[in-house]
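Notes follow the structure.
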Amino acid sequence: MRRFLAAANERFKWIALVGTVVGIAIALWSQREAVVAFDWSVSWSALALSVALFALAPVAQGVSFWLILRFLGLPSRLDEALLIWMRSFLLRYAPSGALAVVIRVRERERLGATKAHVLTATAYEQLAALVSGAIAAVVAFGLAPGAVPKLAAASCAVAVAVAVALRPRFLGTRLQALAARRGIEIPALLRGRTLAAVIALNTASWAATGAAVWVLVAALSSEGTRMPNAFWLLGAYAFAWLLGFVVPLLPGGLGLREGTLAAFLASSFGAGVATALALALRLVNTLGELLAIGAVELGYRVRTRLRPRAPEVQAELRRGAGPLDAPRP
């Protein structure tokens, strides 16, 4: 077993690459009907705007991960944290999504963190995403005509209650001590106000997602179709996302999210059109996620090339020594 784990660790990059390719292939295959049925004659400006708006939420969540690391007392840099988070975000498409956590743990030194810090930050980040999605769904439904679905309200109440209970002055310290007795290290806890700030950032990003949903649905809807209220659309999308988020072993909530969203949209568009719209939203959302990952990766590479070299390396280069000949610290 140790030999197997050692070999897997040495070949992690290849395992991650294969797993991600397989996961994305499965995701795209599950969306083949959307690719075929999608109206590619739709306004390209509307499509591009929707993709760009969908890309903002992953960036906000990556920044949240960095903020959590900083709030835990770690000297993590934004560019490193955002890059590693985006790579783990891509790896969540791999079967089971376990590689998303593995890459964060492997790259912990670049974050100035220990394994326990990374796992703690990941848990807080997932909690913030869950609570923000639940709040976004309830607030959006509340601003739209009609009643807030009871399941959405109940989900929000439970998520907020868990976040409040984890405050250090409430149950957080006790749970930390209980985990320590079981050999699980939780090196630090977030204060209630700092966790609330991270949740607020994630919740604000849902405004961009709601705009993306409205732009795409409006562009794909036929003339004469009565568009649903924009807040109602956001509420339906956020609630569908929430269900997909809490169900394990479904990369990105594949299937469940589309089914839930189609059920909501059917009241306005009919079952057939609603299913097509739900699949189209998943497809464009995936494009937005890939845009965010690509933009962060490209930005990091450009920044690395433009970043000033250390003074001792610059001195060696001026004397004619190559980068590989520079003395090691």
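The values are calculated or read from the model by the stated rules, or taken from the named source; none is laboratory data. What you see is a predicted model, and the numbers here were worked out from it, not measured in a lab. We place every Cβ from the backbone using ideal geometry, glycine too, and count neighbours over all the protein chains shown. Only protein heavy atoms, including side chains, enter the accessible area calculation; ligands, DNA and RNA are left aside. Shrake-Rupley method; radii C 1.70, N 1.55, O 1.52, S 1.80 Å.
Assuming R0 = 25 Å, can you tell me the calculated FRET efficiency for the pair V101 and S267, based on Cβ-Cβ distance, to the nearest 0.05? According to the calculation, E is roughly 0.05. Peptides 131-139, 189-197 ranked from most to least packed give 131-139, 189-197, packing being the mean of other C-beta atoms within 10 angstrom over each peptide's residues.
In sequence order, segment 137-145 has phi-based couplings of 5, 5, 5, 5, 4, x, 7, 8, x Hz under the Karplus curve 6.51 cos²θ - 1.76 cosθ + 1.60, θ = phi - 60°, and Gly or Pro positions carry x.
Is the shape of segment 61-192 rounded, prolate or oblate, going by the alpha carbon gyration tensor and its root eigenvalues a ≥ b ≥ c, with a/c under 1.5 for rounded and a/b larger than b/c for prolate? Judged from the Cα gyration tensor, segment 61-192 comes out oblate (a/c at least 1.5, b/c at or above a/b). Coupling constants for segment 205-212 follow from the phi torsions by the Karplus curve (6.51 cos²θ - 1.76 cosθ + 1.60, θ = phi - 60°), and in residue order they are 5, 5, 4, 5, 5, x, 5, 4 Hz; glycine and proline get x. When only the Cβ of Lys, Arg, Asp and Glu is charged (+1, +1, -1, -1), the dipole of segment 50-185 relative to its Cα centre reaches about 400 debye. Quick one: grab the alpha carbon gyration tensor of segment 116-207, order the square roots of its eigenvalues as a ≥ b ≥ c, and give me rounded if a/c is under 1.5, else prolate or oblate depending on whether a/b is larger than b/c. Because a/c hits 1.5 or more and a/b exceeds b/c, segment 116-207 counts as prolate. Residues in segment 70-206 average 49 Å² of solvent-accessible surface per residue, probe 1.4 Å, ligands and nucleic acids excluded.
Run the numbers for E297 and V247: contour at 0.36 nm per residue of separation, minus the present Cα-Cα distance, in nm.
Working: separation 50, 0.36 × 50 = 18.00 nm, distance 2.90 nm.
Contour length minus the Cα-Cα distance gives 15.1 nm.
Stretching S221 away from D79 to a fully extended chain increases their span by 47.2 nm, per 0.36 nm per residue minus the current alpha-carbon distance. Taking 7 Å steps out from each Cα toward its Cβ at T304 and L143 produces label points 4.0 nm apart. Backbone phi angles across segment 189-198, fed through the Karplus curve with coefficients 6.51, -1.76 and 1.60 (θ = phi - 60°), yield HN-Hα couplings of 10, 7, 5, x, 5, 6, 5, 4, 5, 5 Hz in residue order; Gly and Pro are listed as x.
Note on segment 66-185: dipole from Cβ charges, positive end direction compared against A159, L91, V138; the farthest Cα belongs to A159.
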